[in-house]
Every structure is written in C-alpha cells, then in structure tokens.
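Presented below is the structure to which this report refers.
The values are calculated or read from the model by the stated rules, or taken from the named source; none is laboratory data. Owing to the predicted nature of the structure, the values given are computational and were not obtained by experimental measurement. All Cβ positions, glycine included, derive from the backbone under ideal geometry; neighbour counts span all protein chains shown.
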Amino acid sequence: KQEVTQIPAALSVPEGENLVLNCSFTDSAIYNLQWFRQDPGKGLTSLLLIQSSQREQTSGRLNASLDKSSGRSTLYIAASQPGDSATYLCAVRPGTNFGNEKLTFGTGTRLTIIP
Amino acid sequence: ETGVTQSPTHLIKTRGQQVTLRCSSQSGHNTVSWYQQALGQGPQFIFQYYREEENGRGNFPPRFSGLQFPNYSSELNVNALELDDSALYLCASSVGFGNTEAFFGQGTRLTVV
C-alpha cells in the first residue's frame with residue numbers, strides 16, 4: 001500500500017528566504033507526482049507535475065525534483081513571499097493496476113511566510 | 001477554457017439524510033474523481049469515473065455512490081449521512097488516465113449535524 005509522508009507538518013520562515021518542502025513515498029512504482037497548494041477551506045491548485053521519467057520541473061519561483069528510486073521529492077520555493085502562505089500537498093499516481101487512478105496524498109506542510 | 005466547478009460550496013445536513021454534490025469537469029476532460037478531505041488530513045480517494053463508468057474505488061462504503069453524465073459532469077451521492085461524513089469534498093478532472101495531470105475544483109464543505 002502506497003504511503004506518502006510530508007515533513008515538517010508546519011514551517012514558518014521570514015519573507016525573502018528560500019525554502020524546501022519534502023515529500024517521501026513508499027512504493028516507487030508511480031506514473032507521476034504532483035504538487036498542490038491549498039488555501040484554508042479551499043480546493044487544490046496544481047503547481048507542478050513531474051512524470052516518473054523526469055528529474056525536475058520548474059515554474060517561476062518553484063522547482064520540484066523527483067528521485068523515484070529513493071521515493072523522494074522536494075519542492076523548492078525561491079524568494080518566499082507572504083502570498084506563498086498556504087498548505088502544500090504532494091500526491092503520487094500509481095504506475096500499476098492500470099485503471100485504478102487514485103492519487104495518494106500526504107497530509108501536507110502548512111507554510112507561513114512572516115513579513 | 002473553464003476550470004472544474006463544484007456546487008454547492010457549503011451544505012449543512014442532518015444525520016440520516018441524503019446529499020448530492022455536483023461537479024462540472026474542465027473542458028475536454030473525460031475523467032472525474034472524487035475525494036474526501038477531513039480537517040487537517042490529505043484528501044482520500046472515493047472513486048473515479050471514466051466515460052460514464054466507475055473504474056476505481058477507494059475504501060468507502062456503498063452508501064457513497066456516483067454518476068457521470070454524457071457531458072462528463074458528475075454527481076456524488078451519500079446516503080444515511082453520519083457525523084463523520086463532515087468534510088471537504090473535492091472533485092478532480094483529467095484527460096483519460098495514466099500519466100495525466102489532475103485539476104481540482106474549489107470543493108464542497110459538508111457539515112453533518
């Protein structure tokens with residue numbers, strides 16, 4: 001059974017700092033890994049999708065890496081801003097059992113950027 | 001191009017009642033998945049529909065059921081509501097399945113009293 005862990009559960013950093021969020025998963029047989037942002041009480045906004053054959057993806061100040069063999073992904077946020085405050089979730093899509101397409105999520109990292 | 005939309009945004013129901021939540025998938029997307037997110041937890045997969053057929057289900061009882069319509073919109077029905085059903089219900093759409101990106105709606109907050 002796939003399990004996804006995100007550490008730390010919460011993180012506070014001063015504005016302007018670079019930071020790294022971590023995600024680990026137990027089963028390396030994945031199609032892809034997706035990072036999401038969730039504001040309180042809201043839905044999920046897709047940030048980055050990394051295919052299993054890729055090592056990293058970049059979008060603006062965000063960079064996500066994937067090491068499938070070790071079951072790890074990181075989300076790097078450069079020059080953090082107060083507007084980055086949110087919960088960040090990672091999710092993996094299984095690469096086996098074709099047709100069972102559920103995403104397995106971690107419990108998220110709640111990020112607070114201090115002005 | 002419109003995104004994933006869900007209705008209603010908030011709902012309060014009494015234990016034992018039935019509820020129907022609705023989701024319109026993003027334009028061009030033929031796969032819809034439903035997730036339940038309890039407070040402080042990650043979303044849990046309920047089930048997925050592809051071209052009007054269920055093709056995957058999580059660990060939820062049969063009182064959770066769904067439909068997908070020819071226009072690929074979807075409904076989630078929950079019968080005999082329990083207090084523990086209180087959660088944020090999220091709908092996601094994608095194109096086919098496999099190596100695809102999922103896009104989520106804003107969710108429906110269900111409170112069972």
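Hey, among A:R93, A:R55, which residue is farther than 15 Å from A:N22 by Cβ and facing chain B (nearest Cβ under 9 Å)?
A:R93
So which strands (runs of 3 or more DSSP E) are wholly in region B:36-77 and hold at least 1 residues that are among the aromatic types (F, W, Y)?
Ranges flagged: B:44-50, B:64-68.
Which of the residues spanning region B:78-93 are within 14 Å of chain A (Cβ to nearest Cβ) and either within 21 Å of B:H29 (Cα to Cα) or in a loop (DSSP other than H, G, I, E, B) (or both)?
B:S86, B:Y89, B:L90, B:C91, B:A92, B:S93
Look through region B:19-35, keep the residues that are within 13 Å of another protein chain (Cβ to nearest Cβ) and more than 21 Å from A:K42 (Cβ to Cβ), and return whichever of them is surrounded by the most Cβ atoms within 10 Å (Cβ to Cβ).
B:T31
Does any residue of region B:8-18 turn out to be within 14 Å of chain A (Cβ to nearest Cβ) and part of a strand (DSSP E or B)?
yes
Can you pull out every residue in region A:5-44 that is touching a Leu at 6+ places or on another chain (Cβ under 9 Å), aliphatic (A, V, I, L, M) and assigned to a loop (DSSP other than H, G, I, E, B)?
Result: no residue meets the conditions.
If we keep just the residues of region A:6-39 that are away from chain B (no Cβ under 14 Å) and β-branched (V, I, T), which is nearest to A:L103 (Cα to Cα)?
Restricting to residues being away from chain B (no Cβ under 14 Å) and β-branched (V, I, T), the top hit is A:T26.
Quick check on B:F97: is it within 20 Å of A:L44 (Cβ to Cβ), modelled with pLDDT of 95 or more, part of a loop (DSSP other than H, G, I, E, B) and of a type outside the set (S, T, N, Q)?
Judged against the criteria, B:F97 is not a match.
Conditions first: (1) over 25 Å from A:A10 (Cβ atoms); (2) modelled with pLDDT under 95; (3) of a type outside the set (G, A, S). B:L39 passes all but one, so which condition is the exception?
(1)
Conditions tested, residue by residue: (1) within 17 Å of A:Q34 (Cβ to Cβ); (2) surrounded by fewer than 18 Cβ atoms within 10 Å (Cβ to Cβ); (3) touching a helix residue (DSSP H, G or I) at 6+ places or on another chain (Cβ under 7 Å).
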residue	(1), (2), (3)
A:S70	no, yes, no
A:S73	yes, no, no
A:I77	yes, no, yes
A:V92	yes, no, no
A:L103	yes, no, no
A:G106	yes, no, no
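Among the listed residues A:A64, A:A78, A:A29, which satisfies the condition of being under 19 Å from B:A102 (Cα atoms) and at pLDDT 95 or above?
Only one candidate passes the filter, namely A:A64.
When the residues of region B:36-49 are narrowed to those that are at the interface with another protein chain (Cβ under 8 Å from one of its Cβ atoms) and touching a residue at least 40 places away in the same chain (Cβ under 8 Å), which ends up nearest to A:T87 (Cα to Cα)?
B:P43
Output the residue which, of all residues in region B:50-66 that are within 11 Å of chain A (Cβ to nearest Cβ) and of a type in the set (G, A, S), is surrounded by the most Cβ atoms within 10 Å (Cβ to Cβ).
Looking at residues that are within 11 Å of chain A (Cβ to nearest Cβ) and of a type in the set (G, A, S), I get B:G56.
What's the number of the condition B:L110 fails, among (1) farther than 24 Å from A:V4 by Cα; (2) at the interface with chain A (Cβ under 10 Å from one of its Cβ atoms); (3) in contact with a His (Cβ under 9 Å, 6 or more places away or on another chain)?
Among (1) farther than 24 Å from A:V4 by Cα; (2) at the interface with chain A (Cβ under 10 Å from one of its Cβ atoms); (3) in contact with a His (Cβ under 9 Å, 6 or more places away or on another chain), the lone unmet condition for B:L110 is (2).
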